1. Looking at the structure I just gave you, is Met144 surrounded by 12 or more Cβ atoms within 10 Å (Cβ to Cβ), in a helix (DSSP H, G or I), at pLDDT 90 or above and not β-branched (Val, Ile, Thr)?
2. Do you know which residues across the range 155-199 are hydroxyl-bearing (Ser, Thr, Tyr), exposed (fewer than 14 other Cβ atoms within 10 Å of the Cβ) and closer than 23 Å to Leu137 by Cβ?
3. When the residues of the range 313-338 are filtered to those that are among the charged types (D, E, K, R) and touching a Leu at 6+ places or on another chain (Cβ under 9 Å), which remaining residue is surrounded by the most Cβ atoms within 10 Å (Cβ to Cβ)?
4. Could you look through the range 25-38, keep only residues that are within 12 Å of Pro61 (Cβ to Cβ) and in contact with a strand residue (DSSP E or B) (Cβ under 9 Å, 6 or more places away or on another chain), and pick out the one that is least open to solvent (accessible area, probe 1.4 Å)?
5. Kindly establish whether Leu54 is touching a residue at least 40 places away in the same chain (Cβ under 8 Å) and closer than 20 Å to Gly108 by Cβ.
6. Just to be sure before I move on: is Ile202 surrounded by 12 or more Cβ atoms within 10 Å (Cβ to Cβ) and modelled with pLDDT of 90 or more in the structure I sent?
7. Name the residue that is nearest to Ala170 (Cα to Cα), counting only residues in the range 231-255 that are open to solvent by less than 60 Å² (accessible area, probe 1.4 Å) and part of a helix (DSSP H, G or I).
8. Looking at the range 63-85, I want the residues that are free of Cβ contacts under 8 Å to residues at least 12 places away in the same chain and have a partner that is of a type in the set (Val, Ile, Thr) and surrounded by 12 or more Cβ atoms within 10 Å (Cβ to Cβ) with Cβ atoms under 8 Å, at least 6 apart or on another chain. Which pairs are those?
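The values are calculated or read from the model by the stated rules, or taken from the named source; none is laboratory data. The model shown is predicted, which means the values in this text are computed figures rather than measured ones. Cβ: placed from backbone, ideal geometry, glycine included. Neighbour counts: every protein chain shown. Keep in mind that these areas ignore ligands, DNA and RNA; they rest on the heavy atoms of the full protein, side chains included. Shrake-Rupley method; radii C 1.70, N 1.55, O 1.52, S 1.80 Å.
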Amino acid sequence: MNANSPEATPGERTAPDAAAAPGRIVLLTTSHRVAPGLLSWPAWQALHAADRVLCADGAHPQLPYLREAGITVAEASPSAQELVDACAGGHTVVVVATGEGEPALTDGLARLAGTGRTAMPELELLPASYDLPGARLLDLVQVMDRIRAECPWSSRQTHEGLAKYGIEEAYELVEAIEEGDRDELREELGDVLLQVVFHARIAEEGRPEDGEEAFSIDDVAGGIVAKLIHRHPHVFGDATATTPEEVKEHWLRTKAVEKQRTSVTEGIPLGQPGLALAAKLASRTRTANLDVPLPPVEGIGYELLALAVRAESEGVDPEAALRAAARAYRDAIREAEG
């Protein structure tokens, strides 16, 4: 058999053929949000089959686990040309990418390929681990930890001092929703999320002298997960619900068992805006099938109360309706100003 024929086995190829083979570069990327060593099976296969494994960062968190698996990793940061040369003869080189993804190396390889004068190896981008949905929340927790520890302002904040910002951010979120601005909506959701993470970070420290037990963002998330599962038996249990009304019945029933309240007014925050407070009271009264007449007192406050109750009964949010009217009034003022 001719050693240079297509049928020749790799061991039968002549030296010139082997030297001409461009080889293969595998750029292995990992996520720092996934525990080191938890790599995909294709990644482990590529690592074990490689002729050389390189990593520019000697402190890369994956390296101890790769070496434990019997993989030799050289600390090196080759140029694009050096890497191409290392692949000559059909060799495979795996580059364990650093957190930045090796942009200088990939840009250099692209420039070499663009010249048309270099026989380029096969280039493969292989994600060895990747983020699951919600993984960036881990980054937020880490950033908040550092800010709490190192920022002169943030390190002194308390739940009480931050309370006003929570209210402001909630209103800005509502405004973004009502304005229909998607970019603002994304930003304001982030600001509201920041308040949750900030308060949870403060709560980690606790104040034992005041009888405050410490808790973390994981406790907060765990609590709401348990609540959602418990209040959705039609999703996570054997109950059935085919309409929004049936879902609401499940929610209210399980909530009533959890809270064991003696009055439908319990749990309604009295510090919320007046129209929203009135509508919430009316909603609780209607849901409980209570027939409670409005106070027979004259005055603007009682007239507003009656309007809020009427709005709730008609399925209208009185706060949102008033804000919409106020915006129309604002536009009229601006038009009058010229």
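1. Values: surrounded by 12 or more Cβ atoms within 10 Å (Cβ to Cβ): yes; in a helix (DSSP H, G or I): yes; at pLDDT 90 or above: yes; not β-branched (Val, Ile, Thr): yes.
Taking the combined requirement at face value, the residue satisfies it.
2. Selection gives Ser155 alone.
3. At the first step, the residues of the range 313-338 found to be among the charged types (D, E, K, R) are 314, 317, 319, 323, 327, 330-331, 334-335, 337.
Still in the list and also touching a Leu at 6+ places or on another chain (Cβ under 9 Å): 317, 319.
Numbers: Asp317: 15, Glu319: 19.
Looking at the filtered set, the residue picked out is Glu319.
4. Taking the range 25-38 as the starting set, the residues that turn out to be within 12 Å of Pro61 (Cβ to Cβ) are 30-38.
Then drop every residue that is not in contact with a strand residue (DSSP E or B) (Cβ under 9 Å, 6 or more places away or on another chain), which leaves 30-31.
Details: Thr30: 42, Ser31: 12 Å².
Once the filter is applied, the top-ranked residue is Ser31.
5. Details: touching a residue at least 40 places away in the same chain (Cβ under 8 Å): yes; closer than 20 Å to Gly108 by Cβ: yes.
The answer is yes for Leu54.
6. Values: surrounded by 12 or more Cβ atoms within 10 Å (Cβ to Cβ): yes; modelled with pLDDT of 90 or more: yes.
The answer is yes for Ile202.
7. Of the residues in the range 231-255, the ones open to solvent by less than 60 Å² (accessible area, probe 1.4 Å) are 231-234, 237, 239, 241, 243, 247, 250, 254-255.
When the remaining residues are screened for being part of a helix (DSSP H, G or I), the result is 233-234, 247, 250, 254-255.
Numbers: Pro233: 29, His234: 30, Val247: 26, His250: 27, Thr254: 27, Lys255: 24 Å.
If we take residues in the range 231-255 being open to solvent by less than 60 Å² (accessible area, probe 1.4 Å) and part of a helix (DSSP H, G or I), then Lys255 is nearest to Ala170 (Cα to Cα).
8. Within 8 Å, the pairs are Arg67/Val73.
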